[in-house]
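The structure appears below as structure tokens.
The values are calculated or read from the model by the stated rules, or taken from the named source; none is laboratory data. Predicted model, so just to flag it, every value in this text is computed and none were measured. Heads up, the Cβs are rebuilt from the backbone with ideal geometry, glycines too, and the neighbour counts pull from every protein chain shown. Only protein heavy atoms, including side chains, enter the accessible area calculation; ligands, DNA and RNA are left aside. Shrake-Rupley method; radii C 1.70, N 1.55, O 1.52, S 1.80 Å.
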Amino acid sequence: MSNLYTPVSSLDRFNFGNGSLHDSSFGIFVTDESGLLQHLNEEAARILGFRNANDALEYSLHDFEMNTNCGLSDVFDNILAGENFKKTEHRCTNRLGHYAVLNISLGPFRDDGGGISGVMGTIWDVTESYQRKVKLEEADYVMSVISQVSEALASAAELNDVLRIILTGVTANQGLGFNRAFLLLINEEENMLEGKIAIGPNSSEEAHEIWSNLAGQHRTLLELLDDYWETEKNSGFPASSGIEDWKIDLNKPNFFAAVLESGSGIIVNDNVETSSESSKIFDHLQTESMAIVPIISKGRKLGIIAADNKITGKKITNTRLDLLQIFANNSAVAIEHSRLYDKVLERAKELEEINCQLANSQEQIIRAEKMSVIGELTSSIAHELRNPLMVIGGFANLMISSGDAGENAEYLNIILSETQRSESVLHQVLDFSRASRTSSREIKFNALVKEAYDYFQTKTKFRQKGIYLNLSEESAKVWGNPDQMLHVLLQFIHLTAEGMTDECKAKITTHFECNKVRLTIEYTGSQQARNNAKKIYDKIFGSSDGTQRMSLIVAGETIKYHGGNYGVENPTNQGPILFIELPAMKVSEDD
Amino acid sequence: MIRVLIIDDEAHVRRLYDDLLTREGFEVISMACPHKALDVIRNQTPDIIVLDIELEGDSGLKMIEKYKAENSDLPIILNSAYSTYMSDFKTWMAEAYIVKSSDIQPLVDKIRELTGQKRKYEQNRK
């Protein structure tokens, strides 16, 4: 329309009534110098709100301006002076009040002499294409937001990270642009909604500070989501504070429960009558209107997302509600993935522990097999040695008792003494070997210690020794071979008692620490006695006495075989403490 | 004189018991084969048997039953390097179980104790 008059020599050429312009898809009209319509085609009449072109004749462009408010009146004189006027995608209503989006072009209309005799214009009704364009732009925007959020979510596995990314997308200006967003998850056991995470400022001042900061960064949504934790740290989203303490009873009627029940999102306002529980929610959030959408995955209700525009007061549209629902759907998938991821991690950890236990078990089995073979071997050797020892010692005894020994009596006594010592060592080995034939089972540790102590008390030789028992009140079990463990305890008590002087006393104590049982044998009595005790243990552990050394080796190896440990501690201002530690089993409630 | 039958497959052990028990005033018959011992029980009527368990050819535990079938009043002392057999119920048929040791005194004491009881029992029966 920039040069309307050039191709037109006269109005006849337009032939509005029956010519090519009659059925044109765009409207065309001509006015006189006062703005009254002189000629127009049917499309122009329709756009202006007339049944046909004849009805529109003498209609004033100034009336048209009153309806469309496109600024025509201001420039009408300029057009008559030779200027052009153009307005594209102008949203307005016609004289009948029908909404339309118009492209309007106006220019001077010249007569055959070249003088300006009026205004000529074209009007295009682009409502449909405009709406399609708007929808396309909206779809593009939605796709862009979802794409960027999805991309950010792809790199997050932790549930908290996932939820923060989603809410950041909801509140970011580059995202859905809500002022604040709250995510609550269902506690199925208690049928409660529990606050999980919230993002957004609480006041205009905070909002100004946060949004100014973010606006200055000029970042895309994806960049913002990638750095959400940093953004949050720098901006400080105070709405998060205290969200974890927020609980909503789903058994009482409220709009959160209603959203979950119906499975579809709603926009709620505080001016409508609501339940007391709903009012509490409004009070808690100090908001007037909010969008609420359910988070549902495969029919399972997981929680809700609520979002509002508390700061800007901007009206929440259904389009935004729909977009929020898309976010909630993404959240559902992400929450499920995250929970699965947690389960996988948990399972992996369990498997790792099982593998570790399996490796330990295998090691124990191998050790047990070795011990079994060694046990059989030592048993066999010990028995084979017992007969010759008996014969050697027996004949030595015979020679001594017969009085024929003469000058060899001393040597024979040595032979007899060493033979008896060897027999004692063999006795230890055979005891252990016999014990190794018993299978492992759960052992009540205190009962075992009591059994060893009682057995020890039956020996007259040791009954007078001041050894006392102090068993823990707690109950604990160990896994092992009861005969071997009893043998170990007897050996340690025996070794302790052997070294005790008359003024020395000893206390046997059991107690249970995290995952282990501990037995201590502590020398008590006078300072002198405790000092002597140190020497006793030094003597025991550095003993050159074959019998004692063998006993200690056998007992120590047995403890290690059962996954335990032993040794001597020397705490300041106390006597030395002999300790045995064994892994404790979990005690069932029945015990 | 109390007649003691020693059944042990080790020659040196038999020799030791021969000498020691003889000195202690016992009459000693010793042999390695537990089956030949049945003839001795029948023909030489020992007062007591000292029986090893792990013998060449057969187990002492298996032979107790046969010896008791021959003479149920005959006391038997099981004498082994193994203490493990103590828990075997077959040893209950024997009057005593003594683990072999260079200290032979417990064995001597047990022989005297059991043969003394036996003598007393026989006298009472007469």
- line: In chain B the DSSP beta bridges are antiparallel at a rate, in percent to nearest 5, of 5
statement: The rounded separation in angstrom of the Cα centers of region A:154-197 and region A:365-417 is 81
- prompt: Which whole-number value in Å² is the accessible area per residue of the protein assembly as shown, probe 1.4 Å?
  reply: 52
message: Amide H of B:ALA96 versus every other amide H placed in the peptide plane: which residues, excluding those fewer than 5 positions away on the same chain, fall under 5 Å?
response: B:ILE76, B:LEU78
message: Ratio of alpha-carbon Rg to the 2.2 N^0.38 Å globular estimate for region A:299-448, to two decimals, please.
response: 2.63
- request: Could you let me know the centre-to-centre spacing of region A:308-351 and region B:57-76, using Cα atoms, in angstrom?
  value: 87
message: Could you report the accessible area of A:LEU40 in Å², rounded to 10, computed with a 1.4 Å probe on the protein chains as they sit in the structure?
response: 10
- request: Name the residue, out of B:ALA32, B:ALA81, B:ALA94, whose mean-square fluctuation peaks in a Gaussian network model built on chain B with Cα pairs under 10 Å.
  value: B:ALA81
- line: dims of region B:3-125, Cα set, principal axes, largest to smallest, nearest Å -> 37, 31, 27
Between B and A, accessible area buried - total, square angstrom, nearest 100, 1.4 angstrom probe: 1600
Cβ neighbours within 10 Å from other chains - mean over A:390-403: 5
query: What percent do you get for the relative contact order of chain A when only Cα pairs under 8 Å and 6+ apart count?
result: 7
message: Quick check: the angle from helix A:276-285's long axis to the longest principal axis of chain A, C-alpha only, nearest 10 degrees?
response: 90
message: I'd like the accessible area for A:VAL272, computed on protein heavy atoms only with a 1.4 Å probe and all protein chains in place. Round to 10 Å², please.
response: 80
message: Taking a ≥ b ≥ c as the square roots of the Cα gyration tensor eigenvalues, with a/c under 1.5 meaning rounded and otherwise prolate when a/b beats b/c, else oblate, which class fits region A:11-125?
response: oblate
message: Pick from B:ASN43, B:ASN71, B:ASN79 the residue whose mean-square fluctuation is largest in a GNM of chain B, springs joining Cα atoms under 10 Å.
response: B:ASN43
query: Given 10 °C and 1.306 mPa s, how large is the Stokes-Einstein diffusion coefficient of region A:141-342 in µm²/s, with Rh as the Kirkwood radius over Cα pairs?
result: 95
- prompt: Going by alpha carbons, how many degrees (0 to 90, nearest 10) lie between the helix axis of A:546-561 and the longest principal axis of chain A?
  reply: 20
- prompt: Can you give the angle from 0 to 90° between the axis of helix A:204-215 and the longest principal axis of chain A, with both taken from C-alpha atoms, to the nearest 10?
  reply: 90
task: Over region A:274-428, with every protein chain in place, what whole percent of the accessible area is carbon and sulfur at 1.4 Å, could you tell me?
output: 55
task: Assign one of three labels to region A:38-105, namely rounded, prolate or oblate, based on the Cα gyration tensor with a ≥ b ≥ c the square roots of its eigenvalues; rounded applies when a/c is under 1.5, prolate when it is not and a/b is larger than b/c, and oblate otherwise.
output: oblate
- prompt: Roughly how large, in nm² to one decimal, is the mean projection of the convex hull of the alpha-carbon atoms in the protein assembly as shown?
  reply: 60.9
- request: Treating cross-link reach as a plain straight distance, find the aspartates and glutamates whose alpha-carbon is under 12 Å from the alpha-carbon of A:LYS444, omitting any fewer than eight places away in the same chain.
  value: A:GLU474, A:ASP591
message: Checking the table A:LYS560/B:LYS62; A:LYS196/A:LYS349; A:LYS247/A:LYS310 against a 32 Å threshold on Cα-Cα, which pairs fail?
response: A:LYS560/B:LYS62
